[in-house]
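The values are calculated or read from the model by the stated rules, or taken from the named source; none is laboratory data. Keep in mind it's a predicted model, so treat the numbers as computed, not measured. Positions of Cβ are backbone-derived with ideal geometry, glycine not excepted, and every protein chain shown enters the neighbour counts. For the accessible areas, the whole protein counts, side chains as well, though only heavy atoms, and no ligand, DNA or RNA atoms are used. Shrake-Rupley method; radii C 1.70, N 1.55, O 1.52, S 1.80 Å.
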Amino acid sequence: ENKAGCFSGFLGTCSDCDTEGSCLCSKWQNGHTDYVSMDRSRWDRTRLLCPNHEIVINVMLAMLTALALEAMWRVSCAIHFQRGVVQKRGLPWHQHLPLLSCCAVFLSMSSQLGVVIIKLVSSEQLLAINLLPSALHFTRAIFGYTAMECDYAYFFVVTAKAQEGSIGRQRVQDIIRHRYRAMPKQILTAFAAWAFPLIIAALTLVGLIESTEVFLVLMLANVTAETVGAANFVWQKQRVASQLASSFDKSIGAVQASLVVASGGANRMRGGLDACRQTLGSGQGVNAQYNRSLLEEEAQLQDAKKALDKHRRQLKIACISLILFTIPFLAVPLLWSRMTYWWLSQAIGSVIFQRQLALTYSPGRYRDALRRVQRV
């Protein structure tokens, strides 16, 4: 039971408070919660609750720091390697999407590390309330989305080029140019979705927001906007990937029809495409060389299609995981006073995801991916 005069409501219950009704925190607890601070002493008001367990928070911050530093080291190696690729190919650095993606990841991680350092120095520095951590949180998100957009665009380009033999180079180049033109729009959408904490912090700084009720409404709007923004980002990628997958199916079907024709057509009735491949895979002469080129083109398209399907599954899993994790924090009022845990969990997941992105452009994986998709 809570002591008379202590806060008790849908956000939680304070079990002990002073004569002014301010909740008394134990040694390892505080009310410095992100988005909606339960410690309102900065506005000369009472402390409502002490939902943050400092040991848990510090452990999560330490884990986030270790993951971010390790990811930054890996992405630094990837940047060094990609710079070598740029120099070897004689490309302008800003036209090499893997290098841009890696640089954006590094800047995103640096911003994330900045937020962590600020919080380790002072637990009173809160997202969507204090300007500096909110600004770094915003830049972390924007650079993170930029990295993912560059990564997806590069993956799209490499995958689409596998169709040059079936739909023609000009058509592929038109598809790629359309994808490039869509990149700024996607980044600006993320910009709008993740600007909430920075705007709220700016309004708080000038004294326009002090009420806990207003912070709660803005927090719900903020978390919803970030989640919807992430879901929209993935949905846009899935939509484009579905169109590309449909194009691949048509190209693969056309190549397989050519295989059947090249084998005389009869093998399709007797043994199917496998029999066609076995028949065409041997022999000498110009016709045999053409037939083997068809087999190679089919294998190339199949590999690219598999890579595309895998990429789509990864995006879908990431999006569904984020939504399922966020729903309880939006639906359960008791968790509204514990949004620091939501932010830290989301940040750890983001670092892990971006670390995998950086590994994609490390020397071994980068060469394997090109060899598998482009046969180079």
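Projected label points at Leu335 and Leu24, each 7 Å from Cα along the beta carbon direction, are separated by 3.2 nanometres. Along the charge dipole of the range 142-229, Cβ charges K/R +1 and D/E -1, which of Val158, Val172, Ala201 sits furthest on the positive end? Final value for the positive-end residue is Val172. Dipole size of the range 1-91 about its Cα centre, with +1 on Lys/Arg Cβ and -1 on Asp/Glu Cβ: approximately 800 debye, rounded to the nearest 20.
The portion of the accessible surface of the range 44-179 made up by carbon and sulfur, rounded to a whole percent, is 62 (1.4 Å probe; DNA, RNA and ligands excluded).
The lysines whose alpha-carbon is closer than 27 Å to the alpha-carbon of Lys185, local same-chain residues fewer than 8 away aside, are Lys161, Lys237, Lys305, Lys310, Lys316.
Please give the per residue accessible area of the range 1-134, computed with a probe of 1.4 Å over protein heavy atoms only, in Å².
Heavy-atom accessible area per residue stands at 50 Å².
Packing around the peptides 176-185, 152-161, 214-223, 237-246, taken as the average count of other Cβ atoms within 10 Å per residue, puts them in this order, highest first: 152-161, 214-223, 237-246, 176-185.
Bin width 10 Å, alpha-carbon pairs only: give the P(r) of the range 85-238 as whole percents, running from 0 to the bin holding the largest distance. Result returned by the calculation: 10, 30, 30, 17, 9, 3, 0. Close amide H pairs (under 5 Å, H built 1.01 Å from N) link Met38 with Thr33, residues at least 5 positions away or on another chain. The HN-Hα couplings worked out from phi for the range 194-201 by the Karplus form 6.51 cos²θ - 1.76 cosθ + 1.60 (θ = phi - 60°) are 9, 7, 3, x, 5, 5, 4, 5 Hz, whole numbers, x standing for Gly and Pro.
Distance between the 7 Å Cα→Cβ label points at Ile117 and Val228: 3.6 nm.
Of the peptides 348-360, 113-125, 9-21, how do they stack up when ordered by the mean number of other Cβ atoms within 10 Å, highest first? List each step's numbers first, then the result.
Values: 348-360: 19.3, 113-125: 17.2, 9-21: 15.0.
For the peptides 348-360, 113-125, 9-21, the packing ranking is 348-360, 113-125, 9-21.
Using Cα pairs closer than 8 Å and at least 6 residues apart in sequence, work out the relative contact order for the range 27-124, in percent.
After rounding, I find 23 percent.
For the range 316-326, 3J(HN,Hα) computed residue by residue from phi via the Karplus equation (6.51, -1.76, 1.60; θ = phi - 60°) reads 5, 4, 4, 5, 5, 4, 4, 5, 5, 6, 7 Hz, glycine and proline entered as x.
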